[in-house]
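Take a look at the structure below.
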Amino acid sequence: MIDQNYRWYPVYTRSRAEKKAHDELVRKRIVSYLPLRKTLKQWSDRKKIVEEPLIKSYLFVYISSKEYAEVLMTNGVARFLYFSGKIASMPEQQIEHLKLLLATDEDLIVFDHEIKPGHKVIVKAGPFKDMIAEMVSFHNKQRIILRLDNIGYSIEINTSMAFVEPL
C-alpha cells in the first residue's frame, strides 16, 4: 500500500555533490534515488568507465512533508525545486520510467532545453558547428532533420541532440 503522504521530490545539490548528498541521505534512512550512467572517461594516461549522475546536480527523495527540513540539513543538498510557489513533486511513474531507461543499454543524452519542430537552432559542435537552421524533426538521438535558412531545403544530418541548442 502506498502512503499518500509520501512523494518523490527532485532536490538540487551543490555542484558535483550528488553522490555525497545521496550517501548522506541514505545514512539518515531517507529514501533517495540518484540516477547514474556509466561513461568512458579518458585521461592522458588511461581510460576508465565511471558512474556519473545522469542529471547533473539533481537527485530524488521519497519523503513526506515532515522530512523537508531533514533533507535540507543534509550535506550537499542545496534546495528543493519549486513550481508555482510550492515544492515540486514528481509522479512515482516518472521515477519508474527513469529507472527503466537506465536499465537498458541505450546511450542516454540529457539536455536541459526543449526543441520542438519549427524552432530555430544552432549546432554547437561537430562538423555542422555554427550552422543555424530550423528543427523539422528528429528520428533518434543521432539523426535530426534541419531546414537550412537560406536555401529552403531540409537535410537529415548525423549529429547528437546534445549539440543542438535553441536560438
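The values are calculated or read from the model by the stated rules, or taken from the named source; none is laboratory data. If you're wondering where the values come from, they're calculated on a predicted model, not measured in any experiment. Reconstructed Cβ throughout: ideal geometry from the backbone, glycine too, with neighbour counts over all protein chains shown.
If you go through region 54-67 and keep only what is over 13 Å from SER32 (Cα atoms) and at pLDDT 90 or above, you end up with SER57, SER65, LYS66. When the test is whether a residue is closer than 21 Å to ALA162 by Cα and loosely packed, with under 15 Cβ neighbours inside 10 Å, GLN94 does not pass it.
Looking only at residues in region 28-77 that are among the small types (Gly, Ala, Ser) and touching a helix residue (DSSP H, G or I) at 6+ places or on another chain (Cβ under 9 Å), the one that is farthest from PRO10 (Cα to Cα) is GLY76. Number of residues in region 97-130 that are surrounded by 12 or more Cβ atoms within 10 Å (Cβ to Cβ) and modelled with pLDDT of 75 or more: the value is 10.
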